[in-house]
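Worksheet: one structure, shown below.
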Amino acid sequence: MPQLDPELVDADAVGAGLDALDTPPDTAQRPSLARRIAWAVLPPVAFLVLVVTVWQALWAAAIWPEYQLPAPLKVWDELSEQFATGAALSIIWTSVSRAVFGFLIAIVVATPLGLLVAKVRVVRSAIGPFLSGLQSLPSVAWVPAAVLWFGVKPTALYTVLLLGSVPSIANGLVAGIDQIPPILPRVGKVLGAGRLAASWHILLPAALPGYLAGLKQGWAFSWRSLMAAEIIAVSPLLGKGLGAYLDDGRALADMPTVIAAIVLILLVGVGIELLVFRPIERAVLRTRGLSGGT
């Protein structure tokens with residue numbers, strides 16, 4: 001039997017080891033689906049049980065009067081009634097449909113804006129500081145101006161939503177592009193890619209983790225902006241969203257309604273995170289062989 005050269009064996013072993021390091025983790029090495037679901041579901045449920053238990057204990061201790069801290073069962077009855085009559089689904093749909101539509105418009109506006117700011121030095125010098133300033137400006141500050149500009153109409157709500165989300169999405173894309181190795185755009189240029197082709201095939205895929213972080217933050221800002229607008233700009237012409245439902249509880253001094261509205265707003269935010277952004281984020285990280293994708 002012929003003997004192999006030890007140097008060749010070592011070289012092959014080193015090459016195999018380097019290939020293994022570059023290869024994303026095999027799905028067979030990942031935890032089972034049941035175990036991943038358990039890890040995703042059980043800790044939040046346990047935390048929720050703890051919160052309700054503490055809430056019930058504080059109510060039983062009567063530290064605050066009933067109109068300030070109702071029993072958890074009172075809030076549950078309010079939520080049950082709203083779902084039984086179908087009002088809850090209508091209220092949630094009104095707000096979620098507005099938020100999704102406005103967020104999609106924000107992506108269309110913010111993506112080319114972020115590319116422009118990231119790649120054109122003059123534009124970055126002129127607009128970059130204002131994008132950061134707008135991102136830190138509380139979106140509720142735009143509500144009075146939007147109402148005066150457009151009246152109590154859906155246009156005012158979408159204006160506040162866009163002003164709250166576009167800066168975050170654009171800044172996330174800029175941050176992602178700034179972290180791209182300089183050799184990638186040079187390779188694209190050498191291969192003859194134009195500005196549009198390089199942006200679509202090189203910059204956006206390479207900047208995807210930062211861009212995704214900007215999208216997550218942009219959604220959070222758009223959702224908060226919409227809630228602020230719905231609370232302040234209340235009109236029968238706008239229908240009843242979650243913000244208007246929350247304002248009804250305030251106007252009637254009905255604390256169970258107020259807490260029920262807060263619970264629904266929180267559930268929508270958590271649901272969008274768990275059902276939309278987290279799977280996308282894990283898939284993106286997994287394709288890059290990063291631990292966050294496991």
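Based on alpha-carbon atoms only, what is the radius of gyration of the stretch 100-187 relative to the globular estimate 2.2 N^0.38 Å?
1.24
For THR94, what charge total do you get from the other residues with a beta carbon under 15 Å from its beta carbon, if Lys and Arg give +1 and Asp and Glu give -1?
In short, 0.
Can you check what the net charge comes to around ASN171, using other residues whose Cβ is under 15 Å from the Cβ of ASN171 (Lys, Arg +1; Asp, Glu -1)?
+2
Using only the alpha carbons of the stretch 73-293, what is the convex hull's orientation-averaged projected area in square nanometres?
Quarter of the Cα hull surface area: 14.6 nm².
Here, each number is a calculation from the coordinates, and none is a lab measurement. Keep in mind that what you see is a predicted model, and the values were worked out from it rather than measured. No Cβ is skipped: glycine too gets one built from the backbone with ideal geometry, and neighbour counts run over all protein chains shown.
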